[in-house]
Amino acid sequence: MRYLPLTADDRAEMLGVIGAPDVDALFVDVPEAARLSGPVDLPAHAGELEVERELARLSAMNRAAGDGPFFCGAGAYRHHVPATVDHVIQRSEFLTSYTPYQPEIAQGTLQVLFEFQTQVAALTGMDVANASMYDGSTACAEAVMMAQRVTRREKAILSGGLHPHYAAVTQTIAHAEGMEIERLAAAIDAEAAVIDAIDEATACVVVQTPNVFGVVTDVTRIAEAAHARGALLIVVTTEAVSFGLLKSPGEMAADIAVAEGQSIGNALNYGGPYVGLFACREKLVRQMPGRLCGETVDAEGRRGYVLTLSTREQHIRREKATSNICTNSGLCALAFTIHMTLLGGTGLGQLARLNHAKARELKTAVEGAGLEVLTPRFFNEIAVRTRGPAAAAVDAALAHGVVAGVPYSRLDPHAGLDDVLLLCATETTTPEDIAALAAALKAA
Amino acid sequence: MTMQNVGRPTRPEGASETAGFQSLTGGRGLLQDEPLIFELGGWSKTGVDLPEPDQDASDLAGLTRADLPLPGLSEPEAMRHYVRLSQKNHAIDLALYPLGSCTMKHNPRLNEKAARLPGFADLHPLAPVATAQGALALMDRLAHWLKTLTGMPAVALSPKAGAHGELCGLLCIKAAHEAAGQGHRRTVLVPTSAHGTNPATAAFVGYTVAEIAQTPDGRVDLADLELKLGPDVAAIMVTNPNTCGLFERDILEISRLTHAAGAYFYCDGANFNAIVGRVRPGDLGVDAMHINLHKTFSTPHGGGGPGAGPVVLSEALAPFAPAPWVVSSAEGFELVEEPTAEAAQAFGRMCAFHGQMGMFVRAYAYMLSHGSDGLRQVAEDAVLNANYVKARLADVMTPAFPDGPCMHEALFDDRWLDGTGVTTLDFAKAMIDEGFHPMTMYFPLVVHGAMLIEPTETESRRELDRFCEALRALANAARGNDKDRFKAAPHLAPLRRLDETLAARKPRLAWKPETLAAE
């Protein structure tokens with residue numbers, strides 16, 4: 001076995017040092033009835049070549065996004081990631097290190113996290129950001145729980161434009177905690193409707209922009225309405241590239257901003273691992289979930305970084321912790337930081353404008369194919385009304401070699417929006433892709 | 001070009017005392033001080049070449065941001081910045097990394113290569129299911145291996161880390177109790193030696209936590225368990241092997257008592273590496289157990305994530321597993337993303353999409369590489385290595401539980417440091433000067449000044465000996481009145497000990513132009 005360095009001689013000698021007759025003697029505490037006498041019923045070990053062949057076979061059964069015209073978004077986005085990013089994150093010192101609990105020999109990871117937190121705070125327009133969460137959806141659920149701690153109120157209002165998976169995750173967690181969730185009916189341009197739902201029992205309102213239908217909203221008025229009733233505004237963003245162009249949650253008076261950071265630095269990976277962004281106002285920081293990296297000095301007065309405010313966390317507080325979270329999404333946050341550093345504010349702005357321009361081309365082409373575009377103001381995603389069920393349109397387009405986006409019904413089958421198709425264009429989308437989509441939708 | 005060796009000395013001359021040597025610029029040889037990206041002057045710079053869009057964003061008037069003050073770097077500058085930072089990290093690829101309870105084993109690069117195949121890395125989670133059959137097949141195979149290795153009938157793949165898996169398991173248990181009219185059960189029993197995530201998770205789902213006492217030999221106190229198991233108890237959460245590195249000898253009795261009381265048995269699977277291929281948790285009466293793919297199945301820790309925490313489930317809990325799941329039929333694989341009428345008891349959803357697919361690919365490649373024979377060998381070598389370390393250090397340090405073998409990790413307390421003035425923390429920091437990452441310290445909480453050493457199976461005899469020699473030398477120094485070596489350690493790391501109190505008292509969580517060091 002190529003990963004196991006001990007030889008038979010090593011094992012025999014080591015057992016001698018231990019004073020055990022054989023390896024079974026080391027498992028003596030396992031009850032007799034629970035000991036397996038031989039290997040379980042699975043294939044025996046395989047060489048690197050065989051394993052590589054099997055994984056390549058499974059990979060080849062999938063159609064990669066880059067294999068042809070492709071228009072899926074809805075929470076995960078195909079962007080070009082510079083080769084530098086994947087090289088650096090595979091350096092042993094980043095890839096094979098643990099959580100930086102020994103800061104003297106983890107300054108690499110810690111300084112990256114400090115840069116990451118600063119970048120996320122700037123992108124979201126907030127004061128502070130944590131060292132990342134599992135993904136955008138779990139960050140959203142954690143934000144709602146945080147609002148409950150801050151306001152000591154028990155109700156959260158979810159906009160009808162919130163990604164249905166985010167709503168489901170939040171409902172799952174909140175239900176367990178006994179919190180009440182009011183999820184408003186799904187609708188294309190649904191954000192203003194949350195204002196009427198806010199009352200004195202409301203801990204927070206959760207609004208997504210651009211929303212799951214692609215609609216961009218200035219949420220300043222919602223923030224005013226929430227604050228007037230003592231509630232917090234949580235702004236959700238699933239497409240982090242939009243931060244390069246659109247007003248930040250902070251500019252619109254959000255209290256907590258959460259986002260899916262996958263778009264920057266990270267591949268699609270069939271849904272994970274991704275990187276949740278979590279930022280808030282400075283005065284709320286002690287109620288924040290997750291790891292935080294902070295600046296300090298060493299014994300010689302030199303600047304350094306440590307994990308800090310850990311008195312909020314499970315390993316210190318146990319059942320009184322702000323969250324049970326024990327990891328962040330370290331390597332994905334590193335990828336985010338490197339890509340963001342390559343882009344800079346200038347590059348991200350340019351990338352965002354490019355995405356928006358592609359989506360405008362997409363809109364024109366889809367309208368040319370005779371379909372109604374439902375999204376009034378968009379960044380790089382639009383919702384369109386298909387002639388029959390959107391799922392059937394996607395199947396039909398696939399027969400023409402085009403992956404024509406995501407039927408909204410796949411995310412939310414009970415909303416009665418079966419004829420709504422979600423389409424996304426990014427910098428990777430070519431004019432030929434768009435022409436192929438228009439032709440396929442016309443034929444469908 | 002080669003370096004000319006005519007006309008220059010080829011032997012070192014005049015080796016003089018270098019203690020206290022200072023470079024002229026503050027540099028430390030190849031180990032560079034590296035500023036933050038915000039201090040490198042790239043406020044208008046970018047390291048990517050993008051075309052200018054031929055349409056402007058004027059249709060978003062009133063919705064666009066005023067500015068985005070973030071610096072950028074050209075590609076060579078960015079490469080140098082992050083490579084310099086990387087050199088300030090310790091890593092498994094550099095030396096044995098004995099963090100108990102963390103299973104820092106070798107990360108095969110084949111797994112990295114496999115996860116980057118375009119069919120996995122460039123696959124959108126909402127791509128039509130017909131175009132993702134290979135991904136679903138892999139999830140199905142991974143599930144089969146996890147179920148077979150644990151002897152459990154079902155698995156929920158989507159949890160994104162161990163603690164997320166604990167949450168998933170407790171939510172299944174809560175849903176099962178509610179479905180059976182047992183929703184009044186609100187207490188979760190947790191041993192005093194448990195990971196902090198166990199009580200935190202129980203509290204997170206609204207349960208009250210009660211502690212179970214520990215016996216002098218480091219196991220669950222059966223009498224105390226029996227006393228506390230009552231009609232209000234929803235579940236027990238027991239780590240096995242436990243955090244003292246010991247197998248719970250009475251595990252069958254623990255599960256029998258738990259089930260007899262109408263409660264479920266949640267097993268924290270953090271230490272599954274010690275028993276994989278030799279013991280199936282299903283045979284121990286476990287109802288739910290998360291598996292840290294980043295521990296037992298070697299997906300990289302990545303400086304603190306991403307992890308992956310699938311949860312295996314018993315027959316009783318399986319109907320409550322969250323969406324999504326994979327089903328296979330004659331036509332191929334389907335993905336159930338919304339609970340159907342037949343599976344209406346699913347408790348909800350743990351995350352957007354389907355879980356840590358990138359980690360599934362790595363873990364599956366690792367499983368195929370080892371096979372059933374290799375995985376059994378993994379457990380045996382992990383346990384052998386830990387017992388070897390314990391045996392080699394037993395005469396200079398004090399094993400917390402000297403009688404009988406340990407499992408995959410060896411636990412020491414700090415009795416052997418009595419009277420030396422050296423603490424567990426000092427000792428751990430001194431290990432850094434010897435080139436090793438410290439062991440887990442001050443955990444578990446049940447042992448004073450705990451030092452928990454988990455070498456893992458991927459260490460060679462030579463590296464184990466190098467490690468043991470270093471610890472023996474340090475132990476002798478600690479008792480030989482060489483206190484300064486420890487109190488000021490580490491001496492040779494990129495930084496000296498850091499002021500964590502200052503960091504917490506004046507939280508500085510994002511860059512500002514002025515630094516704390518200057519204040």
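Each reported figure results from applying straightforward, stated rules to the coordinates on display, with no laboratory input. Owing to the predicted nature of the structure, the values given are computational and were not obtained by experimental measurement. When we count neighbours, we look across all protein chains shown, and the Cβ atoms used for this are built from the backbone with ideal geometry, even at glycine.
Structure data summary
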item: Rounded to whole Hz, the Karplus (6.51, -1.76, 1.60) HN-Hα couplings of segment B:224-239, x for glycine and proline; result: 5, 4, 4, 5, 8, 6, x, x, 9, 7, 8, 6, 10, 10, 10, 8
item: Neighbouring partner chain Cβ atoms per residue of B:33-46, average, 10 Å criterion; result: 4
item: Cα-based helix-to-principal-axis angle, A:390-399 vs chain A, degrees rounded to 10; result: 70 degrees
item: Gyration tensor verdict on segment A:211-340 (Cα atoms; rounded if a/c is under 1.5, prolate if a/b is larger than b/c, oblate otherwise); result: oblate
item: Straight-distance crosslink candidates among lysines, where the alpha carbon sits under 29 Å from B:Lys105 and sequence neighbours closer than 8 are dropped; result: B:Lys88, B:Lys113, B:Lys147, B:Lys160, B:Lys295, B:Lys390, B:Lys429
item: For B:Thr440, net neighbour charge (Lys/Arg +1, Asp/Glu -1) across residues whose Cβ lies under 11 Å away; result: -2
item: C-alpha center-to-center spacing [segment A:158-213, segment A:21-84] in angstrom; result: 37 Å
item: Computed [θ] at 222 nm, deg cm²/dmol, chain A (DSSP H ≥ 4; -39,500 (n - 2.57); rounded to nearest 500); result: -11500 deg cm²/dmol
item: Kirkwood hydrodynamic radius over Cα pairs of the protein assembly as shown, then Stokes diffusion coefficient at 4 °C and 1.567 mPa s, in µm²/s; result: 45 µm²/s
item: Cα shape, chain B, gyration tensor, a/c 1.5 rule; result: oblate
item: Calculated SAXS-style log₁₀ I(q)/I(0) at q = 0.16 Å⁻¹ - segment B:374-503, Debye, Cα scatterers; result: -0.80
item: In nm, spacing of pseudo-spin labels at B:Ala344 and B:Asp59 (7 Å Cα→C-beta vector); result: 4.4 nm
item: Computed E for A:Asp395/B:Ala260 - FRET, C-beta separation, R0 45 angstrom, nearest 0.05; result: 0.30
item: Theoretical ellipticity at 222 nm over chain B - DSSP helices of four or more residues, -39500 (n - 2.57) apiece, nearest 500; result: -9500 deg cm²/dmol
item: Karplus-derived HN-Hα couplings along segment B:65-77 (A = 6.51, B = -1.76, C = 1.60, θ = phi - 60°), whole Hz, x at Gly and Pro; result: 7, 6, 7, 9, x, 9, x, x, 9, 5, 4, x, 5
item: For B:Thr64, residues with placed amide H under 5 Å, excluding near neighbours; result: A:Lys247
item: Segment A:85-122 and segment B:89-111: distance between their alpha carbon centers, rounded to Å; result: 16 Å
item: Segment B:321-329 - phi-based ³J(HN,Hα) in whole Hz, Karplus 6.51/-1.76/1.60, Gly and Pro as x; result: 4, x, 6, x, 9, 9, 10, 10, 9
item: Reachable lysines, given that their alpha-carbon falls under 26 Å from the alpha-carbon of A:Lys442 and they are not under 8 places away in the same chain; result: A:Lys358, A:Lys363
item: Proximal lysines to A:Lys155, defined as alpha-carbon separation beneath 26 angstrom and excluding residues fewer than eight positions away on the same chain; result: A:Lys283, A:Lys320, B:Lys174
item: Number of partner chain Cβ atoms within 10 Å, mean per residue of A:8-20; result: 4
item: Taking segment A:129-234 and dividing mean pair separation by its residue count, relative contact order in percent (alpha carbons under 8 Å, at least six apart); result: 30 percent
item: Taking B:Leu227, B:Leu60, B:Leu157, B:Leu246 and counting other C-beta atoms within 10 Å, the order from fewest to most; result: B:Leu227, B:Leu60, B:Leu246, B:Leu157
item: Rounded FRET efficiency, nearest 0.05, which uses the C-beta distance separating B:Leu445 from A:Glu154 and R0 of 30 Å; result: 0.35
item: Label-to-label distance, nm, for residues given as B:Glu13 and A:Ala60 (7 Å Cα→Cβ offset); result: 6.5 nm
item: Those GluC sites (Glu not before Pro) in segment B:323-398 that DSSP places in a loop and that have at most 12 other beta carbons within 10 Å; result: B:Glu331
item: Ranked by how many other beta carbons lie within 10 Å on average, peptides B:7-13, A:87-93 from highest; result: A:87-93, B:7-13
item: Fewest-first sequence of B:Phe443, A:Phe213 by Cβ atoms within 10 Å of each Cβ; result: B:Phe443, A:Phe213
item: For a label point 7 Å along the Cα-to-beta-carbon line of B:Arg109, residues of segment B:77-95 with backbone N under 20 Å; result: B:79-80, B:82-95
item: FRET efficiency for B:Asp395 and B:Lys506, using Cβ-Cβ distance with R0 set to 56 Å, rounded to 0.05; result: 0.75
item: For segment B:464-519 and segment B:371-426, distance of Cα centres in Å; result: 24 Å
item: Listed peptides B:270-281, B:290-301, A:128-139, A:298-309 by packing density, highest first (mean Cβ within 10 Å); result: A:128-139, B:290-301, B:270-281, A:298-309
item: Cβ-based exposure ranking for B:Lys429, B:Lys228, in which fewest neighbours within 10 Å come first; result: B:Lys228, B:Lys429
item: Shielding score for B:352-364, defined as the mean number of other chain Cβ atoms within 10 Å; result: 6
item: Crossing angle, helix A:8-18 versus chain A [Cα axis fit, 0-90 degrees, rounded to tens]; result: 70 degrees
item: Net charge, A:Ser132 excluded, C-beta distance under 13 Å - Lys, Arg +1, Asp, Glu -1; result: -2
item: Computed label-point distance, nm, for sites A:Arg387 and B:Leu30 using a 7 Å Cα→Cβ extension; result: 6.7 nm
item: Relative contact order of chain A, defined on C-alpha pairs under 8 angstrom at six or more residues apart (%); result: 20 percent
